[in-house]
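The values are calculated or read from the model by the stated rules, or taken from the named source; none is laboratory data. On a predicted model such as this, the values are computed, not experimentally measured, just so you know. Don't worry about glycine lacking a Cβ; one is built from the backbone with ideal geometry, like all the others, and counts go over all protein chains shown. When the accessible area is computed, the model is the full protein with side chains, heavy atoms only, and any ligands, DNA or RNA have been set aside. Shrake-Rupley method; radii C 1.70, N 1.55, O 1.52, S 1.80 Å.
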Amino acid sequence: MRPQSTVSITIKNKIIGGPLPLICLPLMARDQTALLEQAQTIAALRPDLVEWRVDAIDTLFNQASVKETLSALYARSQALPLLFTCRAPQEGGLQTMAPEDRLSLYQMAIASGQVDLIDVELSSGPDMIRELRDICRPAGVKLVLSYHNFDHTPDRDTLLRTLQDAEQSGADIAKIAVMPKDGQDVLTLLNVTWAARSTYLKIPLIAIAMGDTGMITRVAGGLFGSDITFASGK
């Protein structure tokens, strides 16, 4: 049996941190029409969650348009938990957006009542995290605090501290995603996942090694305590 989180989260009958790891499929279309078509295709695959990577949309800087698209997406996928993510450019975001504009976009999404979770990078800083945390809680929106490293895999202690920093900063879910150079890096990620889940962390966690070398972690990570994996809907 895989190690389970001390604290679990239930959203629309999906248990994050429960006996089974969940599968999340991302939506990364460039325009609303393609996004809604992608959402329909993905829904047929019966994922546990859907993530809208809003930083991919071509109307990103028109908040009224993003709000309209969110409403249309919610109407088609409201049976599934929706994770709303505007990824920062330094951690893989597809468009450069000022922090204050990202904050405003998240505030709109939370207030809409149409998202269940948001993903914000730890590197966004304590002020932005605190502001979003304080509005997420009364709105019933869960906060994912994440760390992405597209260059390498930090050492075990650094990754464990990162997960603990997320928890101490008020995350409902802590996430790390790193780039492995070899199998040893993959083992480091899995070891960190097991240690965090078994000893250091009470909240649900997501731990992924990226690229072809890290692909095994998307399949086997749940056995070590990762609670959500991300897959392609193609």
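Of note:
- Qualifying residue in segment 48-56 (condition: over 26 Å from residue 203 (Cα atoms) and either acidic (Asp, Glu) or touching a residue at least 40 places away in the same chain (Cβ under 8 Å) (or both)): yes
- Within segment 101-124, residues that are basic (Lys, Arg) sit with their Cβ atoms under 8 Å from residues that are assigned to a loop (DSSP other than H, G, I, E, B), at 6+ positions apart or across chains, in these pairs: 102/86; 102/88.
Per-residue answers, yes or no, for (1) at pLDDT 95 or above; (2) in contact with a Cys (Cβ under 8 Å, 6 or more places away or on another chain):
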residue	(1), (2)
42	no, no
48	yes, yes
67	yes, no
78	no, no
88	no, no
93	no, yes
101	yes, no
134	yes, no
139	yes, no
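- Odd one out for residue 152, checked against (1) exposed (fewer than 14 other Cβ atoms within 10 Å of the Cβ); (2) part of a helix (DSSP H, G or I): (2)
- Qualifying residue in segment 153-172 (condition: hydroxyl-bearing (Ser, Thr, Tyr) and in contact with an Asp or Glu (Cβ under 7 Å, 6 or more places away or on another chain)): yes
- Residue 175 vs. criteria open to solvent by 70 Å² or more (accessible area, probe 1.4 Å), closer than 21 Å to residue 90 by Cα and of a type outside the set (Phe, Trp, Tyr): no
- Candidates 178, 66, 120 - the one that is of a type outside the set (Gly, Ala, Ser) and under 17 Å from residue 49 (Cβ atoms): 120
- Count - residues of segment 87-111 that are surrounded by 16 or more Cβ atoms within 10 Å (Cβ to Cβ), of a type in the set (Gly, Ala, Ser) and in a helix (DSSP H, G or I): 1
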